[in-house]
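Asks: Let me give you the structure first, and then I'll get to my questions.
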Amino acid sequence: MVQARRRAENGPARVGFTVSRQVGNAVERNRVRRRLREMVRLTEGQKEGLRGGHDYVLIGRRAALAAAFGEMRRQLDAALIRIHDRERGDEAQGTGDKAEASLHQAGSPRQRRPRRPHRQPPNA
């Protein structure tokens, strides 16, 4: 998974990596992180790769342990193309912008009932 955000100042692209404990033990998390780093290193020279003035976050998932490296690279390249095509097409600043209703909003879309006040203990 890749997230991107355009920065106000220009400069080299900045890349961050995150791999949660749910992926596995430290050895497995580090293996995923190394694979992500190598993909970024190989992508830097490409035209549709990482762009200056942007921040990127690559989120490692457990599937990255068993996935073929070539397939992972193709997915990263496709994700970067989608991200930068979206920037050209509308005014979005990155993948975290609200272009449409978010599926990851806190709370339920239904109306919540008002909370009842806590009962006060009787004075003794």
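The values are calculated or read from the model by the stated rules, or taken from the named source; none is laboratory data. Please read all numbers here as calculations on a predicted model, not as lab measurements. FYI the Cβ positions are ideal-geometry reconstructions off the backbone, even for glycines, and counts take in every protein chain you see.
Asks: Regarding region 41-49, can at least one residue be identified that is at pLDDT 85 or above, over 17 Å from Q75 (Cβ atoms) and not in a helix (DSSP H, G or I)?
Replies: Within region 41-49, none of the residues are at pLDDT 85 or above, over 17 Å from Q75 (Cβ atoms) and not in a helix (DSSP H, G or I).
Asks: Next question, about the same structure. Tally the residues that are under 17 Å from D77 (Cα atoms) and loosely packed, with under 13 Cβ neighbours inside 10 Å, restricting the search to region 10-40.
Replies: 1
Asks: Another one. So in region 46-69, with the set limited to residues that are small (G, A, S) and closer than 20 Å to D85 by Cβ, which one is surrounded by the most Cβ atoms within 10 Å (Cβ to Cβ)?
Replies: Checking each candidate, the answer is G49.
Asks: Any idea which of G11, G16 is on the phi > 0 side of the Ramachandran plot and modelled with pLDDT under 90?
Replies: Going through G11, G16 in turn, the sole match is G11.
Asks: Take R86 and decide whether it is at pLDDT 90 or above, surrounded by 12 or more Cβ atoms within 10 Å (Cβ to Cβ) and not in a loop (DSSP other than H, G, I, E, B).
Replies: no
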